[in-house]
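Written out below as structure tokens is the structure these notes cover.
The values are calculated or read from the model by the stated rules, or taken from the named source; none is laboratory data. Given the structure is predicted, the values throughout are model-derived calculations rather than measurements. Positions of Cβ are backbone-derived with ideal geometry, glycine not excepted, and every protein chain shown enters the neighbour counts. Areas reflect the complete protein model, heavy atoms only, side chains present, ligands, DNA and RNA absent. Shrake-Rupley method; radii C 1.70, N 1.55, O 1.52, S 1.80 Å.
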Amino acid sequence: LLRMYGNITDLLIDRKKELSTHINLAKMGFATPVYMTVNNGYFYGYVDGDVLTTDSVRDPKIAPIIATTIARMHCKTETQHSDPVYYPKLNEWLRNVPDYFSAEKFPALLKVVKSKSVLSKELQQINKKLLSADLEVGFCHNDLLLGNVIYNIHKNSISFIDYEYGDPNYLAYDIGNHFAEYAGVDNVDFNLYPDEGYQRWWLRFYLEEKHKCKDLGAVTDEDVEKLFREVNFFSCCAHFLWGCWAIVQAINSEIDFDFAGYAAMKLEEYFKSKDKFFDFI
């Protein structure tokens, strides 16, 4: 496959780091090989299988494989540094957001957020929480939406693609973001967010694999409870991050997608989920 970079995407993505990450992940068995680079992209191996849907992601035969594959990636992927990317990356993105949003470009967003200063204050609130909590950090995919998770029915295996946002981060963020993406992309339905019983079932598969990888012993109910609370906090944070991302995209992207509307939708869901989950850590 040939991966080509979009217009001004370096505002959001460090393309040199993306390539380096892909090469390193290929060495560790978590990505396909990179065959050749070109001026604005690179050739890499194809991943055989089907992208997930809002139905297949919660299939009781597939979901545990997703959980254990994420756990192995978190346990076995080495990083060059250990600083979580969430806050500095969002801070960087917000520098490319205008101080005020035009009614012509962002009519729906203005019903949710009036200016960049509101977003900056929210980010500082989130960061205050992050600095005061005991959270595990390691390599994360950081974009485990349904289209980036591939299920191979013949091998009964899961693979991840598109590591362009891959970086050290809070491990619970990767899971919280994945759960938030159960809503889908084309026809987003936030009511598809997994309920507490499902999450605890899923998280136990993740923790059992992680404990096996790191020789941590048996998984306790307390382990599941702690991760459950962190994951739901970070699902809220994921809505905020992708809402800000979509604002930058709406201003710069040439892709035929309603990024402005998506920004409004994600940030509205952030404020709704903040009421439920912000005090979980």
Decide, for region 68-156, between rounded, prolate and oblate: order the square roots of the alpha carbon gyration tensor eigenvalues as a ≥ b ≥ c, take rounded if a/c falls under 1.5, and otherwise choose prolate if a/b is larger than b/c, else oblate. oblate
Among the aspartates and glutamates, which have Cα under 17 Å from the Cα of Lys214 when same-chain residues fewer than 8 positions away are ignored? Glu78, Glu136, Asp223
Using 0.36 nm per residue of separation minus the Cα-Cα distance, give me the extension gain between Glu136 and Ala218 in nm, one decimal. 27.7 nm
Can you pull out the GluC sites (Glu not before Pro) in region 190-281 that DSSP calls coil and that have at most 14 other Cβ atoms within 10 Å? Glu254
Between region 226-261 and region 15-60, how many Å separate their Cα centres? 21 Å
Dipole magnitude of region 74-134, debye to nearest 20 (Cβ charges: Lys/Arg +1, Asp/Glu -1, about Cα centre): 260 debye
Could you report the chain's accessible area per residue, 1.4 Å probe, as an integer in Å²? 49 Å²
Label Asn96 and Arg200 with points 7 Å out from Cα along Cα→Cβ: what is the distance between them in nm? 4.2 nm
Kindly provide the helix-only [θ] at 222 nm of the chain, computed as the sum of -39,500 (n - 2.57) over DSSP H runs of four or more divided by all residues, to the nearest 500 deg cm²/dmol? -16000 deg cm²/dmol
Filtering the chain for DSSP H helices with an axial alpha carbon extent of at least 30 Å and a Kyte-Doolittle mean of at least 0.0 returns 221-252
Within region 18-73, what whole-number % of the accessible surface is contributed by carbon and sulfur, with the 1.4 Å probe and all protein chains included in the calculation? 54 percent
Dipole of the chain, Cα-centred, from +1 at each Lys and Arg C-beta and -1 at each Asp and Glu C-beta, to the nearest 20 debye? 420 debye
Among Ser235, Gly217, Tyr198, pick out the residue whose Cα is farthest towards the positive end of the charge dipole of region 195-248, where Lys and Arg carry +1 and Asp and Glu carry -1 on C-beta, about the Cα centre. Ser235
Structure-derived Kirkwood radius over Cα pairs in Å: which label, when the choices are (i) 21.4; (ii) 24.5; (iii) 19.5: (iii)
